[in-house]
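Accompanying notes for the structure given below.
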Amino acid sequence: RLAFKRLDAAMRTKLENSFAWHDYGHSREKIAPGLASHEERAALPPQCWRMVWKNPVNGRSAIYLASHAYAVEGMEPAAGKQLIDDLTAAATAPGTNYVHEWKRGDVVMWDNRATMHRARSFPHDEPRDVRRTTLMGTAPTVAQQAP
């Protein structure tokens, strides 16, 4: 949300009417070639999502973008990649990050539609219990009206 708020008005307007292509296989390839199996790629094909998601409860808008994004609808590949890279840099600029210092019993929750997140390394000699819970929203981001 903060990254979107910090953009100039012209860029916010442009993004509100833009769509990005997201692909699980693309983000896995950044980590290691062949990391996503053919079965995973088939089960999780590329999807086109709005680049801005507006929270229907509080009205706040956020850039909907992360490592899965690889292209912008209607833009030349190089220009789309540059826009994605620029927005990612804005969303991860100093002052926009939170790094959790884990303590026993901690629970961390975030709104996946408004927060970029990344796992960090952890001590392999300590137990780790990770459970994902996904809640359904009112509509997929692509079906929402522009903010």
Rank these residues by their accessible area, most exposed first, probe 1.4 Å: V108, V72, V57.
V57, V108, V72
Given (1) 20, 17, 16; (2) 26, 21, 16; (3) 23, 17, 13 as possible values of semi-axes √(5λ) of the Cα gyration tensor in Å, the one from the coordinates is (2)
Taking the dipole of the chain about the Cα centre (Lys, Arg +1; Asp, Glu -1; charges at Cβ), the one of A43, G25, P56 that reaches farthest to the positive side is P56
Any aspartates and glutamates whose Cα falls less than 18 Å from that of K81, other than same-chain ones fewer than 8 residues away, would be E16, D23, E29, E73
Once you keep just the Cα pairs under 8 angstrom separated by 6 or more residues, what percentage relative contact order results for segment 1-128?
28 percent
What whole-number distance in Å separates the alpha-carbon centres of segment 71-125 and segment 33-52?
18 Å
Helical mean residue ellipticity (222 nm; -39500 (n - 2.57) per DSSP H run of 4+; nearest 500) of the chain:
-8000 deg cm²/dmol
Just to confirm, what accessible area per residue do you get for the chain at 1.4 Å probe, in whole Å²?
74 Å²
Could you sort R41, R131 by accessible area so the largest value comes first, with the probe set to 1.4 Å?
R131, R41
Provide M116, M11 ordered by accessible surface of protein heavy atoms (probe 1.4 Å), highest first.
M116, M11
Determine how large the accessible area of K5 is when every protein chain is in place; take a 1.4 Å probe and give Å² rounded to the nearest 10.
150 Å²
Solvent-accessible surface (1.4 angstrom probe) belonging to L44, in square angstrom, nearest 10:
80 Å²
5 Å is the cut-off here: which amide hydrogens, built 1.01 Å from N in the peptide plane, fall below it relative to Y64, excluding neighbours closer than 5 in sequence?
V52, W53
SASA check, I63, accessible area w/ 1.4 Å probe, all protein chains in place, rounded to nearest 10 Å², comes out at 20 Å²
Could you give the angle, 0 to 90 degrees to the nearest 10, between helix 77-91's Cα long axis and the longest principal axis of the Cα atoms of the chain?
60 degrees
Set of lysines near K54 by C-alpha distance (under 21 Å), chain-local residues within fewer than 8 positions excluded
K5, K14
Carbon/sulfur accessible area of the chain, % of total, 1.4 Å probe, equals 55 percent
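The values are calculated or read from the model by the stated rules, or taken from the named source; none is laboratory data. Predicted, not measured: the structure shown is a model, and the values here were computed from it. Note that each Cβ is placed from the backbone with ideal geometry, even for glycine, and that neighbours are counted across all protein chains shown. To get the accessible areas, we keep the full protein, side chains included, count just its heavy atoms, and leave off ligands, DNA and RNA. Shrake-Rupley method; radii C 1.70, N 1.55, O 1.52, S 1.80 Å.
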